[in-house]
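The values are calculated or read from the model by the stated rules, or taken from the named source; none is laboratory data. Quantities reported herein were computed from a predicted structural model and do not represent experimental measurements. FYI the Cβ positions are ideal-geometry reconstructions off the backbone, even for glycines, and counts take in every protein chain you see.
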């Protein structure tokens, strides 16, 4: 079974924002629905902590083979990854798709997101520290790709 690759680091911030936005819906113990920042798409997410397997119908997971932000969000909710309410609230309401389309590079999008969070009272160094902490923990999880995600399970 293949392992999911590590995501672009900005996905950690997107995941925290998704939780703060209330876009994560638990359907069963292992299945979740995650609504996109624009609200026009809903991703199916499967996470099984016993087998260390996960999958999601988001593009990053499905087509690029990395742990997408919907999976990261679920892992935060399940307590497998760190979560900070103050950081998440500062990242709430961000239209990630619009920023990605406008700036075309994750590094530029991340700088814009940090600027927004800073204006909302959470300094850039706190955002960076949170991102590094989550990413370090994510690296150690070694999540396997679960093949059952693309069935109509939820």
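Filtered by the rule that a residue be in contact with a strand residue (DSSP E or B) (Cβ under 7 Å, 6 or more places away or on another chain) and either surrounded by fewer than 17 Cβ atoms within 10 Å (Cβ to Cβ) or not in a loop (DSSP other than H, G, I, E, B) (or both), the range 66-95 gives 66, 70, 71, 73, 74, 75, 77, 78. Taking the range 96-144 as the search range and keeping residues that are touching a strand residue (DSSP E or B) at 6+ places or on another chain (Cβ under 8 Å) and in a loop (DSSP other than H, G, I, E, B), which one is nearest to residue 75 (Cα to Cα)? Among those residues, the one meeting the criterion is 143. When 107, 2, 117 are checked against the criterion of being surrounded by 18 or more Cβ atoms within 10 Å (Cβ to Cβ) and either without any contact (Cβ under 8 Å) to a residue 60 or more places away in the chain or closer than 22 Å to residue 136 by Cα (or both), a single residue qualifies: 117.
Checked against (1) closer than 22 Å to residue 58 by Cα; (2) in contact with a helix residue (DSSP H, G or I) (Cβ under 8 Å, 6 or more places away or on another chain), residue 137 meets all criteria but (2). The residue that is modelled with the lowest pLDDT, among those in the range 9-32 that are surrounded by fewer than 16 Cβ atoms within 10 Å (Cβ to Cβ) and within 23 Å of residue 82 (Cβ to Cβ), is 29. Applying a threshold of 9 Å to beta carbon distances and a minimum spacing of six or more residues, or different chains, the list of pairs starting in the range 49-72 at a residue that is free of Cβ contacts under 8 Å to residues at least 24 places away in the same chain and ending at one that is crowded, with 24+ Cβ neighbours inside 10 Å reads 59/68.
Inspect all residues belonging to the range 3-19 and state whether any of them is at negative phi and assigned to a strand (DSSP E or B). Scanning the range 3-19, I find at least one residue that is at negative phi and assigned to a strand (DSSP E or B), so the answer is yes. Just one of the listed residues (37, 44) is in contact (Cβ under 8 Å) with a residue 40 or more places away in the chain, in a strand (DSSP E or B) and crowded, with 17+ Cβ neighbours inside 10 Å, and it is 44.
The sole residue among 84, 115, 144 that is modelled with pLDDT under 95 and either under 18 Å from the mean Cα position of the chain (by Cα) or closer than 19 Å to residue 16 by Cα (or both) is 144.
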